[in-house]
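Heads up, the thing below is written out as structure tokens.
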Amino acid sequence: MPLTVMNIVLADDDEDDRLLFDEAISEIDVKTKLSLFNDGKALMDYLVLPDTILPEIVFLDLNMPIKNGMQCLKEIRANDKLKELCVAIYLHLHLKKILKTPLLMVLMYTLINQTVFLRLKKP
């Protein structure tokens, strides 16, 4: 089954960075559903809810209060439901640079193709 909407999650404590990310995602040529969280605890609480549709990719700010990106990554990898999630961790200083390069588009293209391939491969 082809991917019709790419579910993307971002956890970042900086409101400006969340807005910048949202703006960058809206400019790519892929239909997306973006869920934004302002700390790692809120993200993890969301991901473990029974009815949560898991995202194709999770973007984590490394330096967040309450629960940082590395703590989230450790929890994700230790959880059977979440351990296969694609996770990208970034530093605040590099976000603006990343969003201004074709890297984001290449990443999204690769993820879409990988997801479609894996869904087609399932019996």
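Being in a helix (DSSP H, G or I), within 20 Å of CYS72 (Cα to Cα), out of contact with any Lys or Arg (no Cβ under 7 Å at 6 or more places or on another chain) and not charged (D, E, K, R) is the filter here; which residues of the stretch 11-60 pass it?
Answer for the stretch 11-60, where residues must be in a helix (DSSP H, G or I), within 20 Å of CYS72 (Cα to Cα), out of contact with any Lys or Arg (no Cβ under 7 Å at 6 or more places or on another chain) and not charged (D, E, K, R): PHE21, ALA42, LEU43, TYR46, LEU47.
Identify, by number, the condition in (1) of a type in the set (A, V, I, L, M, F, W, C); (2) crowded, with 19+ Cβ neighbours inside 10 Å; (3) in contact with a Phe, Trp or Tyr (Cβ under 8 Å, 6 or more places away or on another chain) that VAL58 doesn't meet.
Status for VAL58: all satisfied but (3).
Tell me yes or no: at least one residue of the stretch 50-60 is over 10 Å from VAL9 (Cβ atoms), modelled with pLDDT under 90 and either basic (Lys, Arg) or under 13 Å from the mean Cα position of the chain (by Cα) (or both).
no
The values are calculated or read from the model by the stated rules, or taken from the named source; none is laboratory data. For clarity, every value in this text was computed on a predicted model and none was experimentally measured. Positions of Cβ are backbone-derived with ideal geometry, glycine not excepted, and every protein chain shown enters the neighbour counts.
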